Every structure is written in C-alpha cells, then in structure tokens.
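The values are calculated or read from the model by the stated rules, or taken from the named source; none is laboratory data. Keep in mind that what you see is a predicted model, and the values were worked out from it rather than measured. Every residue, glycine as well, gets a Cβ built from its backbone with ideal geometry; the counts of neighbours run over all protein chains shown. Areas reflect the complete protein model, heavy atoms only, side chains present, ligands, DNA and RNA absent. Shrake-Rupley method; radii C 1.70, N 1.55, O 1.52, S 1.80 Å.
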There are 2 protein chains.
Amino acid sequence: MSLKNDLLLRALKGENVERPPVWMMRQAGRYLPDYIKLREKYDFFTRVETPELACEITLQPVDQVGVDAAIIFSDILVIPQAMGMKVLMEEGKGPLLPTTVKTQQDIDNLFTDDVENRLGYVMNALSLTKKELNNRVPLIGFAGAPWTLLCYMVEGKGSKTFDKAKQFCFTQPELAHQLLQKITDVTIQYLKAQVKAGADTVQVFDSWSGMLSPADFKTFAQPYLLQIADAVSTDAPVILFPKGSWYALPELSKSSASGLGIDWSLTPKMAREMTDNSITLQGNFDPSKLLSPIPEIKKEVHKMIDGFGTQRYIANLGHGILPNVPVDHAKAFVDAVKEYNNVTVA
Amino acid sequence: MSLKNDLLLRALKGENVERPPVWMMRQAGRYLPDYIKLREKYDFFTRVETPELACEITLQPVDQVGVDAAIIFSDILVIPQAMGMKVLMEEGKGPLLPTTVKTQQDIDNLFTDDVENRLGYVMNALSLTKKELNNRVPLIGFAGAPWTLLCYMVEGKGSKTFDKAKQFCFTQPELAHQLLQKITDVTIQYLKAQVKAGADTVQVFDSWSGMLSPADFKTFAQPYLLQIADAVSTDAPVILFPKGSWYALPELSKSSASGLGIDWSLTPKMAREMTDNSITLQGNFDPSKLLSPIPEIKKEVHKMIDGFGTQRYIANLGHGILPNVPVDHAKAFVDAVKEYNNVTVA
C-alpha cells in the first residue's frame, strides 16, 4: 500500500527527489468550475460537513490540475465550532462569529474534549478521500494556528488590523494565554486524529501572524506553534506557515516541524539564508502572478526553483490561490514545476 | 521667523536633539472628538478642499495631543483626482473610483500639467496652516507613492490582494510603467509646490508596497520612489514610507531621502542593522498597541526608543492611528516620548 507518488513526503523528510513536489494552498475550490457547480447546490458548511462532497472537492485538483498532493477540503473555523461557537459563512463575504470571546466565563464555556468525535465529519472525509486517492498522492490535513483562530474568536470576523483581538491580548494577556492554550490543546487532538484518519502530513496555517510585531509573535503565536509541532511531529511531518512573519523563520526552522511555508515577501535566497538546512521550505509564488501570461508564469516558476533549489523544497504559492485564476494558468504553474529540467540531486 | 520647536527637522538632518521628536501618522482626524464633530457637518472632500477646515483639522492634534509636527489634512487620492479621475469617498467604507485605468487611451487621457493650480486648495491649506501654526512646530506635506496610487487607479477601490492592479502590471508592464511615470511626474510637481506653499518636509506613503515581492518592488515601486526623493530632496527633506517592504530598507536607506518610515514587523534593532547610518528612521509602534493600558503604552514606548536610540530617530506609529484609540492614550504615547529620560546626546 505504498504511495505511487511520495515526492511530498520524501521532500519533507529531506530525502533526495527527482524533482520538487508541487501543490497549491486552497487548490480545492474557488477557481475550479466543478467546485463552483457544487457551490451552487450546497452551502459552505454542507460542503465541509458532508464527507462525500469534501472528498469530491479534495480530489478535483489532483485529477484536473495534476498536483502532487491532495489537501482535505475543510475550514480552519471548524475548531471554534467544535469548541461551541457559532460560525456563519456568507458566500464571498467571509466568516461571521455572532458571539465572540470576551471574558473568563466565555473561555471557561469552551469545549476542549471529544474533538475526534465532534469533528467526526472531517475524519470521515479524510478516510474516504484516502481510500478514493488509492495511493496516488499523499493527503494533507490542516488546522488554523492558535493566534489566527483567536483573531476570529475575539474579533468575530475578518479585519484589516484585528485590533479588537490585539486589544484583548494587550489588556488581558492572562485570558489570552488561557484561550490560546485551550485552542492549542484542541488542535493537537484534532491533528493527531487527522493523521489517524489518513492524513500523511499536516499543515498549520497562521494566516494572521504577520499582524504581530516580532516581540508579540514570540508571546502570542510562537509558543503555541511549537507546542503543536512538538506534539504532532511524532505522528506525521508538520508544516508551519506563519504568513508575513519572516522575522520568525530562523527560530521556527530549528523547531520539530519538517516544513516551513514561505510567502512572497522574501526572495527564495533570503528564505534559505534565514533558515536552518534541516528544514524543508515551501512556497512562495505570489498568487496574483498566476494572472500573468502563461509563458511568464513558467519563467517565474523556474526562477523560483533556481532560488530554492530542487532538494528540501516543495513548490507552492505564497498564500491561497485566488478565485479569478484561470484553470489553465494553475495547470501551467504545476506543469512548470514538473518540467523544471535543471535537476541536481544533492 | 525660525521655528520654536524644530526637533523634527534637526532629526531629519542628523543634527543632535535633546530628545526624539514625535508625531503620529493620521494624527489629524478619526479618533479626535473635535474632528468627528466636523465630520458630521461636512463631507470628506469638503473637509479636504476647504482650506479653513483642513487647517483647523491639521492644528487639532498639535493643540490637543502635543505632537512635535503638524501634517496637513488631505488624502493621497487628490492626485488621481487632479489627473482627471473621479474619486468617491463613503464614510467608513473607503474610496471608490468608478472609472478605472485599463488602456493606453485611459493613460493618455490623464492630465499631468498645472498640478499646483489643480490642487490649489492644498496649497492654500498649507499656507494658511503655516501662518496659523505661527512657527510652533514644522508642517509636513505628503503624497501617495506611485505604486500605491496605481493600485487605486487600476483596482478602483481597496483590496486585500490588489490582484487587478498586479494583473495590469504583470500583463501590460509597458502601460504600467507609463502610468507610474505619469504619477511620478505629477507627484514631483505636487510635492515641490507643497514645499513652496509652506511644507517644511514631505512624506511619501507607499501603503501597499508590502504586497509586492522584492523583485516586483524593484520593478514597479522603487525606481519611482527614488525619482521623487531625488527631485524633491533639493527643496526639502523627504521621508519615504514603504509599508511592509522591510526587504527594501537597505537600498532605500542609501537614497537621497532623509527619513525612512518603519512598520512594526521589524524590531528597532533589526531596522537599525538593515539601514545606513546616514538616514533617520521613523516609527514603529503597532497602532493597535495604543489600545493597551496607559502604563503599558509608556513602557513599550520607552523600549522602542531604547531600541532606536534618541538620535537620527523620529518617534511615530508603524502605520496610521486607529479610529477607536482614546485621545488620552494617544497623548500618553506622545508624553512617553517627551518623558524619555535616558537621553544620550551622541
């Protein structure tokens, strides 16, 4: 039952690969016409909570774009839901949490037990997808990082500044740490259960970590990312993606994580210089650059691989794919990685 | 007619100061009750285009918060307006440009002449404010950077990704450079006219430069920032603020600008290490941190000054002040700089 294409896992382990593996953050959904058809029939949480639909959506980019890994279709806000919070999702408008966390009582009321069962639909989607993939490519599980989830749980919605979330942390740091620890505990259970259900590796998305100063990142984000990496890396390789927090890359590269996501605010060369050789880097194509003409995309992808090198590297975007990217442009990105011919096995 | 408080100008020239000067980006407006009263009576562009109102708003933080400089109340989008574009501003919703730049024809149609006259109301506001200030503190003029203005002129409104603006640059780079050059030419005229009308120094806001990769910043942002710095620094000291573009600080610190704005994604120490000794650094307090308790604000301000040092330094926020900051917190920020007692004249 070994994987036919295990490039991603070998790259994460630091083993030699013939070429870098490639996948795209948010590859399942948004820009794919077959996904848009499903979106017209089923609302967001029906798609997330119905294993057959989540599985179908997860497989679409594997079949249609040719990526080297599947990432389970789900959402980072299933954790606040499992902890007892109401999460609404309006198409094209982003999430809304009508009741936010404000007080000790609010934190005490959050559930932290029985995560595997509360999020059983994710586990079922993973098992089903693992079966349907039939060992073609690895399956990636994921969760939101504690700081990013705190942002939504306190702010109640997206924000340009997340100043309510920060105000909570700056004025009530003890409550903030209690909340971050609760989210961390739940996330560790959740990611371990995902591995048990079939995930070959897991990624932790700290989408809003770049809003924090280096000092605040060390206080409110880093300790919890490291706890998760330490606890889960015994079960499967962990990829950390602290978007915008270039300043944290040197320290995170020395953690128990196997991979580190890089956004496009760094050149590949800067990212290599900042990080320990023992970690695999993943990234970092500007998602907007997939709107360039196809020959330009291919040229830029090859430049990116030149910069990172072919080993200990996973080709990816620097953040999620945009909804307005034509499918053939996404495919050109993937093809460009596969066609990269300057392969040097270290 | 010399200034009673010229700390800002001396810091920009690299002269010794008794303590660092302090002002706050977007200090005129938003969080000030007296501004909010005016906002209820006059719409946005009436406030911008009426010299008496712009002057009154500009003076409010000098009188009420005690900053060491006034910055003229205006908006970066007066440049697209002067170039012939329609700009609407809905309170709390951000700007809207109903007709965007798409084609060669659109660019050819933009005005680039007679800027001083087209934006005469800004010049009148500056002259009046200069007079009313009565040499108490320096007066700062400003403009948006060409890349940031292109973002609005092509995208038509704010955006999380500015992917339409980027698509324009990536698919039609020749048009993009024509547009950027036109904006640059107008901005140089505009800033020189501001100095003639009374501005003692000018700041160029590249609010969206951090959306660009280092390579794209060098292509679409940096050359135009440098042109402006070179052309205007003969008239008055220029401060460049490339928000989010930490990667560009080493090169920009060697430019003809006198000051460089720093956001809070760097520690003061990192900023000093990255930049040439011959430039004055300005920043970099996280605006959300003004929502902390006052003793915490003061402690953090002193830590920030410890990091930057007292010379070749202008205390400021890392971006604009937030609308929900209590006035006494803004005042605590300013007071903390004035109270900093570890003064070491270099």
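Observations on the structure shown:
- Chains A and B, summed buried accessible surface - 1.4 Å probe, Å², nearest 100: 2400 Å²
- Legend: P(r) of segment B:7-342 from all alpha carbon pair distances, 10 Å bins from 0, whole percents, reading 6, 27, 36, 25, 6, 0.
- log10 of Debye I(q)/I(0), alpha-carbon scatterers only, for segment B:148-296 at 0.10, 0.11, 0.17 Å⁻¹: -0.37, -0.45, -1.02
- Subset of B:37/B:130; A:218/B:298; A:243/A:299; B:182/B:218; A:218/B:160; A:37/B:86 violating a 28 Å alpha-carbon distance limit: A:37/B:86
- Estimated inter-spin distance, residue B:218 and residue A:41, nm [label 7 Å along Cα→Cβ]: 5.0 nm
- Residue of chain B whose Cβ sits closest to the axis mapping B onto A, with distance in whole Å: B:246, 4
- Occluded residues from segment B:150-191, i.e. those whose accessible area drops by 50 Å² or more once the chain is not alone (1.4 Å probe): B:163, B:170
- Euclidean distance between Cα centres, segment B:49-65 to segment A:104-119, Å: 51 Å
- Shape box of segment A:147-188 [Cα atoms, principal axes, largest first, Å]: 28, 20, 11
- Percent of Cα pairs exceeding the 37 Å cut-off, where the set is the protein assembly as shown: 40 percent
- Take residue A:171: with every protein chain present and a 1.4 Å probe, its accessible area is about 60 Å².
- Protein heavy-atom accessible surface, 1.4 Å probe, per residue over chain A: 37 Å².
- Taking GluC sites (Glu not before Pro) in DSSP loop states with no more than 15 other Cβ atoms inside 10 Å as exposed sites, chain B has its longest site-free stretch at B:92-346.
- In nanometres and ascending order, the distances from the residue B:89 label point to those of the other copies are 3.7 (point 7 Å from Cα along Cα→Cβ).
- Relative contact order of segment B:7-342, defined on C-alpha pairs under 8 angstrom at six or more residues apart (%): 22 percent
- Sites residue A:338 and residue A:30, calculated FRET efficiency, Cβ-Cβ separation with R0 22 Å, nearest 0.05: 0.50
- Spin-label model distance (nm) - residue A:99 vs residue B:296, 7 Å beyond Cα toward Cβ: 2.6 nm
- Carbon and sulfur %, accessible surface of segment B:7-342 computed with the full protein complex present, 1.4 Å: 50 percent
- For segment B:79-154, the residue among B:125, B:84, B:104 whose Cα projects farthest onto the positive side of the dipole built from Cβ charges is B:125.
- Of the DSSP H helices in chain A, those whose Cα atoms cover at least 27 Å axially and whose Kyte score averages -0.5 or more: A:173-197
- Sequence-distant contacts, meaning Cα pairs under 8 Å at least 6 residues apart, place the relative contact order of segment B:19-78 at 41 percent.
- Between this copy and the others, label points of residue A:233 are 4.5 nm apart in ascending order, each placed 7 angstrom from Cα in the Cβ direction.
- Segment A:230-324 - Debye-derived log10 I(q)/I(0), Cα point model, q = 0.24 Å⁻¹: -1.23
- Near residue B:316, the amide H atoms lying under 5 Å from its own belong to B:283, B:284, B:285; only residues 5 or more places off or on other chains count, and H is placed 1.01 Å from N.
- Ascending list, in nanometres, of distances separating the residue B:132 label from those of the other copies (7 Å, Cα toward Cβ): 6.5
- Counting DSSP beta bridges with both ends in the protein assembly as shown, the antiparallel % (nearest 5): 15 percent
- Amide hydrogen proximity for residue A:71: with H placed 1.01 Å from N in the peptide plane, the residues at 5 or more positions away or on another chain lying under 5 Å are A:140.
- With both labels modelled 7 Å from their Cα along Cα-to-Cβ, the residue A:111 to residue A:278 distance reads 3.9 nm.
- Estimated from the Cβ-Cβ distance and a Förster radius of 35 angstrom, the FRET efficiency linking residue B:181 and residue B:5 is about 0.40.
- Cα-only Debye scattering, segment A:25-113: base-10 log of I(q)/I(0) at q = 0.16, 0.21 Å⁻¹: -0.71, -1.01
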